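Comments concern the structure below.
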Amino acid sequence: MCRIVGYIGYNQATPILLNGLGRLEYRGYDSAGVAVFGDKGIVKARSEGKLVNLKKKTESTDVSGTVGIGHTRWATHGEPNETNCHPHSSMNGKFVVVHNGIIENYDVIKKQLLKNGVKFLSETDTEVVPQLLEYYYDGDVLEAIRKVTNELTGSYALGILCADCPDIIFAARKSSPLIVAKGENENFIASDISAILDYTKTYTTLNDGDIVELKKDSVKLFDKDLNEKEINFTVTDLDLSAVMKNGYEHFMLKEINEQPEKVKGLFDSYVSDGKVDIPELEKLSDCLENCEKIYAVACGSAYHTSIAGKYVIEQFSRIGVETDIASEFRYRSPILNEKTPVIIISQSGETADSIAALRMAKEHSAPVIGIVNVVGSTIYRESDCVLYTKAGPEIAVATTKGYATQLMMFYLIALYLAQKKGTLTAQEIAQYCAELETIPEKAERLVKNTAQIEKYSDRYKSSKNFFFIGRNTDYAAAMEASLKVKEISYISSDAYASGELKHGTIALIDKGTPVISFCANKRLFDKAWSNAEEVVARGAEVICVVSQKDEEKIKEGYGKIVLEDICDEFSTMLEVIAMQIFAYYIAKGNGCDIDKPKNLAKSVTVE
Ligand code: M6R
């Protein structure tokens, strides 16, 4: 998705902008550009493709100056070519703008401006912003921004330069992330703090409707009607190492390896003496204890954690859980009211469909619990209760530690609800807590001893299609495993509930088709095993993901990945970590761009 950086200070802006855009590179983009205020006014350099192309452009263009804005674009309106690349200018060059989001009414505005003789150069929705600014501008930039933002519908984070104000960057935000950060005699705007951690840790997150006037030594914040607001800066505890590879070949591998420590962190935060205490949920405790149904809504992998969570919450607390893909939830008519809590799960906290689902839930008075990894993100700020997953910045597009911490949070919620409702005894809760406590050490051994998994990645890396099958919590693991393989190695794969395969899909099984059968749920081993045999009878090559306890039951000739024993309810965690490793080595073996898979963006801030 598009990302923004802006700098104003005493140093040259271009290297800082390029560095900041580089830190955000993992989020996916297809063109990039900067605009810098220099002696000759505002000069732009833009290019298709990766930042290295832009860097070359800046070497042959005079983009010197100490005030500038930069952008990486993930094309939505118009091809990823140089003309559509940001920054965009108004017809007479008075305004130059970078934008993240979608201007939904751009067509109406564009038609109106065209009628008034305004000439457009690009196919983008964004270009209406500088054009409209120039149209309304009568010497007062803030007033022009007020008028324009009042007229825009959709989402935007905007960085704005005006040719008449060489010492100011303006910014505005609605529904797309934007922060303002403060340094020593220099200030920044950015889509997120990781862009500027090299320079400062002091920042504030803008709210919807906020407008900013940024000078090198001052920051002024206004609401949408230009009333000045107080600014509360905070200092992030992230350091640069959190956004660097630290010796790992890929961020994904680094993040896989961070999982034991991250899930332990969450466990330690909420469990003591065999009891689970989640103070953040206390204000909804009446509602949670008395509700009959909880909705869990998310996209992608976050949706998969909700499926694993559903099995465990229903089993432990006897509260029904309805899981929904956010982009579907928002366009159906779910029965929502003050008695139906809605859990929104999102690593980034900025996924557009998840935000829309959250807002829809709130419109119907449903209490919203956000499971989120980014402090200050939209979902973090708009949820009634926030469960912060503390995984640290996740850079690889494919989520790993984000997933593991969300899953741990679901396990903790399930136990918390069971404790509140008395559906498990204190002794049972303590036993489950003891099991949970073993996850970090088991996960640690798993991520450190990958040979048994790498062997299969190597053997099957040229396969054209994988099937992942499982039942119950093992099915949740199958869904996530399938997505991991698809997104980073571009190999087609399907996840099926084992028992469902024979209702049609088994027709696709041929000689040599790799089928990964999840059997770590010991209660369902025999069922899973017979489904594995069914596909073997049709020529499939099966790899069973099995717990140590059942290892001996796997017949000669079947592949197996053996996991340490853990109770059935929590087996998804180890299965998924094993499959992250499996997918990682397939992608590596195929020379794929593991951290930045094609066509994907880290957080999907458009619908
Ligand atoms: O930031 P979110 O958790 O809301 O993102 C949701 C999905 O876009 C995300 O999980 C996606 O499926 C991952 N790339 C999968 O690895």
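Worth pointing out:
- For the stretch 3-241, the square roots a ≥ b ≥ c of the C-alpha gyration tensor eigenvalues yield an a/c under 1.5, which makes the shape rounded.
- Under 16 Å from K220, Cα to Cα: lysines that are on another chain or at least 8 residues apart: K182, K229
- Dipole of the chain computed with +1 at Lys/Arg Cβ and -1 at Asp/Glu Cβ about the Cα centre; of G38, S489, A326, farthest Cα towards the positive end is S489.
- Using a probe of 1.4 Å, the accessible surface attributed to D107 totals some 70 Å² when neighbouring protein chains are kept in position.
- Sparsely packed chymotrypsin sites (Phe, Trp or Tyr not before Pro) within the stretch 415-517, loop by DSSP, other Cβ within 10 Å at most 16: Y490
- Rounded accessible area per residue of the chain, 1.4 Å, Å²: 38
- Projecting the Cα atoms of S517, S218, Q315 onto the dipole axis of the chain, where Lys and Arg carry +1 and Asp and Glu carry -1 at the beta carbon, places S517 farthest toward the positive end.
- Only lysine pairs 8 or more places apart, or on different chains, with alpha-carbon atoms under 23 angstrom apart are counted in the stretch 387-486, and they number 19.
- A simple rule links phi to the HN-Hα coupling: the Karplus curve 6.51 cos²θ - 1.76 cosθ + 1.60 with θ = phi - 60°, which for the stretch 113-119 gives 5, 4, 4, 8, x, 6, 9 Hz, with x for Gly and Pro.
- Taking 0.36 nm per residue of sequence separation and removing the Cα-Cα distance, the N449/E314 pair yields an extension gain of 45.2 nm.
- Computed 3J(HN,Hα) for the stretch 537-544, one whole-Hz value per residue from the Karplus formula 6.51 cos²θ - 1.76 cosθ + 1.60 where θ = phi - 60°, is 4, 9, x, 5, 9, 9, 10, 8, glycine and proline marked x.
- A simple rule links phi to the HN-Hα coupling: the Karplus curve 6.51 cos²θ - 1.76 cosθ + 1.60 with θ = phi - 60°, which for the stretch 589-598 gives x, 9, x, 7, 7, 4, 7, 10, x, 4 Hz, with x for Gly and Pro.
- Global geometry of the chain, whether rounded, prolate or oblate, following the gyration tensor of its Cα atoms and the 1.5 cut on a/c: prolate
- Nonlocal amide H pairs with A296, under 5 Å, H built at 1.01 Å: E322, T323, D324, I343
- Rounded if a/c under 1.5, otherwise prolate or oblate - the stretch 245-448, Cα gyration tensor axes: oblate
- Legend: residue pairs K44/K201; K55/K596; K511/K549, Cα-Cα distance threshold 25 Å; pairs beyond threshold, K44/K201; K511/K549.
- Between amide H atoms placed 1.01 Å from N, distances below 5 Å from I561 occur with C544, V545, V546, all of them 5 or more places distant or on a separate chain.
- Each Lys and Arg contributes +1 and each Asp and Glu -1, all at the Cβ; summed about the Cα centre of the stretch 449-596, the dipole is approximately 380 debye.
- Fraction of accessible area attributable to carbon and sulfur, the chain (%, probe 1.4 Å): 47
The values are calculated or read from the model by the stated rules, or taken from the named source; none is laboratory data. Quick caveat: nothing in here was measured; it's all calculated off a predicted structure. Cβ: placed from backbone, ideal geometry, glycine included. Neighbour counts: every protein chain shown. Quick note on the areas: whole protein, heavy atoms, side chains included, nothing else; ligands and nucleic acids left out. Shrake-Rupley method; radii C 1.70, N 1.55, O 1.52, S 1.80 Å.
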